[in-house]
């Protein structure tokens, strides 16, 4: 059999609860901090600025060229204009932590 990585999901509310538990601050304060953090990243990227967090990673704005794509359902060509997309590049520490995850067998 093949090994498959079984993912679990952490929601923003669970992240807020975990940080509140570790720091001793109330969930409302932590929620404001997390929202402000995400808002800061979004607003800077919306202006075309990259965000670098040493030891964690980089939130990067990437430019995509215009292209002709295919709509396979209608079998037609579709023009896709040039646009920007958000991207995340993990830092070395982040990458190493994820790299060391052990694969779990899918049942």
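A few points about this structure:
- Among 62-74, 80-92, the order from most to least packed when residues are scored by Cβ within 10 Å on average: 80-92, 62-74
- Nitroxide proxy distance, nm - points 7 Å out along Cα→Cβ at residue 74 and residue 32: 4.9 nm
- Given R0 = 35 Å, the distance between the Cβ atoms of residue 8 and residue 92 translates into a calculated FRET efficiency of 0.90.
- Dividing the convex hull volume of the alpha carbon atoms of the range 21-82 by its residue count gives 166 Å³ per residue.
- Its DSSP H runs of at least 4 residues, each contributing -39,500 (n - 2.57), put the calculated 222 nm mean residue ellipticity of the chain at -12000 deg cm²/dmol, to the nearest 500.
- In terms of other Cβ atoms within 10 Å, 19, 30 run from fewest to most in the order 19, 30.
- Cα-only Debye scattering, the chain: base-10 log of I(q)/I(0) at q = 0.12, 0.18, 0.21 Å⁻¹: -0.74, -1.09, -1.14
Every number in this text was worked out from the coordinates using simple rules, so none of it is lab data. In this text the structure is predicted, and so the values were computed from the model without any measurement. Methodologically, a virtual Cβ is constructed for each residue, glycine included, from the backbone with ideal geometry; neighbour enumeration extends over all protein chains shown.
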